[in-house]
Amino acid sequence: MMTGLPDKRPPFYAAQAYYPQLLRAGVKVYQYKAGFLHAKTVTVDDQLCIIGTCNWDIRSLILHDEVVSVFYDEGVARRYAAQYERDIENCEQVTPEALASLGGRLKFRNSVYRLGSRLL
């Protein structure tokens, strides 16, 4: 689940350039449309939950000292899994057809931003 309403356009465009590869690998990509989505969460088997704002890249981990909280708690994990399901209702699923409908100009723009994605 990615934000559908970016606060900064370059990282948003760079992320979109990765969507075709993700979809081919079987990943489902959703764009959250009810507002800006910044928190990152991972829920594993309704047992473990990771919550934070860390982008899991070198800049976030080393330069910005971003952090996450890890909860090994079934109750917390289930609540966050349920919240994810509620959030899906406010998302638009990215499909290969939707990506194909992007014009060549927008695909090129996204690819250019992808070149600098490690710096964004």
Neighbourhood net charge (15 Å Cβ-Cβ; Lys/Arg +1, Asp/Glu -1) for P11: +4
Inter-label distance, nm, simple model (7 Å from Cα along the C-beta direction), V112/R59: 1.8 nm
Isotropic mean projected area of the C-alpha convex hull, segment 39-89 (nm²): 3.6 nm²
Rg(Cα) / (2.2 N^0.38 Å) computed for the chain, rounded to two decimals: 1.15
Considering only the chain, percent of DSSP beta bridges that pair antiparallel, nearest 5: 90 percent
Spin-label model distance (nm) - L5 vs L22, 7 Å beyond Cα toward Cβ: 1.9 nm
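Rounded to two decimals, what is Rg over Rh for segment 67-120 when you use alpha-carbon atoms and the Kirkwood radius? Intermediate values should be presented prior to the final figure.
Numbers: Rg = 17.7 Å, Rh = 14.8 Å.
Here Rg/Rh amounts to 1.19.
In segment 1-53, what is the volume of the convex hull around the alpha carbon atoms, normalised per residue and reported in Å³? Let's see the in-between values first.
Working: hull volume 4.9 nm³, N = 53.
That works out to 92 Å³ per residue.
Coordinate-derived values only; no laboratory data. None of these values were measured; they are calculated from a predicted model. Using ideal geometry, Cβ is built from the backbone for each residue, glycine included, and neighbour counts are taken over all protein chains shown.
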